Amino acid sequence: MDILDEFDISIIKELEKDGRMAFSAIAANLKISNTMVHQRINRMIEQGVISGIKPIIQEKKIGYDWASFTGITLNKDSDSDRIIEALKDIPEITECYYVTGSFTLYIKIIATNHEHMRRILYEKIDSIPGIAKTDSIIELGCAFKRNISL
């Protein structure tokens, strides 16, 4: 963690409490200048340590009651870049990972109901050329999700 010093870590911890917290409030809590907070956050964003400050949408609260983790097997792994671009065009896919093992890619899909999930899988994903098969696990709820401890 040489890229982060004690001030960076303290700023991140303040933002984890409330991402809407004003930089001036963070500065006051940490007894540092507002300018320092602003510069540190901008630097961490530029370095890719944090990917911005944005809302976390609770999908179930807005009608997306179904989610799945879906492994994707490709006909040829060399097609992965093209297939990933096609997956990006499906708004219900919220995450996509390269993985080892039986699958090439692992995605998270959110849907409003089982019929919506079926349409995403069969009409959108299965129609992408180069996808050999999918294997889905339905998510029943998130026990917890967190950032790595600093």
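By the count of other C-beta atoms within 10 Å, a proxy for reagent exposure, V37, V49 are ordered fewest to most as V49, V37. Subtracting the Cα-Cα distance of S51 and Y106 from 0.36 nm times their residue separation leaves 17.7 nm of extension gain. For segment 91-150, applying the loop criterion from DSSP together with a ceiling of 12 other beta carbons within 10 Å to the trypsin sites (Lys or Arg not before Pro) yields K145, R146.
Near I131, the amide H atoms lying under 5 Å from its own belong to N75; only residues 5 or more places off or on other chains count, and H is placed 1.01 Å from N. Of the GluC sites (Glu not before Pro) found in segment 11-55, no site is in coil according to DSSP while having at most 16 other Cβ atoms within 10 Å of its Cβ. Once log10 I(q)/I(0) by the Debye sum over Cα atoms at q = 0.12, 0.19 Å⁻¹ is calculated for the structure shown, the corresponding label among (i) -0.74, -1.08; (ii) -0.46, -1.24; (iii) -0.69, -1.07 turns out to be (iii). In plain terms, the residue of C96, C142 with the fewest other Cβ atoms within 10 Å comes first and the most crowded comes last, giving C142, C96. Per residue, the average separation of C-alpha pairs within less than 8 Å and at least 6 apart gives the chain a relative contact order of 24 percent.
The residues packed around T73, meaning those with a beta-carbon under 9 Å from its beta-carbon, carry a net charge of 0 if Lys and Arg are +1 and Asp and Glu are -1. Among I12, I138, I110, the residue with the largest mean-square fluctuation in a Gaussian network model of the chain, with springs joining Cα atoms closer than 10 Å, is I12. Computed from the C-beta positions of L150 and D79 and an R0 of 41 Å, the FRET efficiency is 0.60 to the nearest 0.05. Take D135, project a point 7 Å from its Cα along the Cβ direction, then tell me which residues of segment 48-88 have their backbone nitrogen under 17 Å from it. Only 68-77 fall inside the zone, counting backbone N under 17 Å.
Within the straight-line cut-off of under 24 Å between alpha carbons, the lysines reachable from K145 are K13, K17, K54, K60, K61, K88, K108, sequence neighbours fewer than 8 places apart in one chain being disregarded. Put in order of Cβ neighbour count within 10 Å, fewest first, the listed residues S149, S102, S10 become S149, S102, S10. Applying 1/(1 + (r/R0)^6) with R0 = 25 Å to the Cβ-Cβ distance of Q58 and R119 gives a FRET efficiency near 0.65.
Just so you know, all these numbers are worked out from the coordinates, no wet-lab data involved. These numbers were taken from a predicted model, which means no experiment stands behind them. Virtual Cβ from ideal backbone geometry, glycine too; neighbours counted across all protein chains shown.
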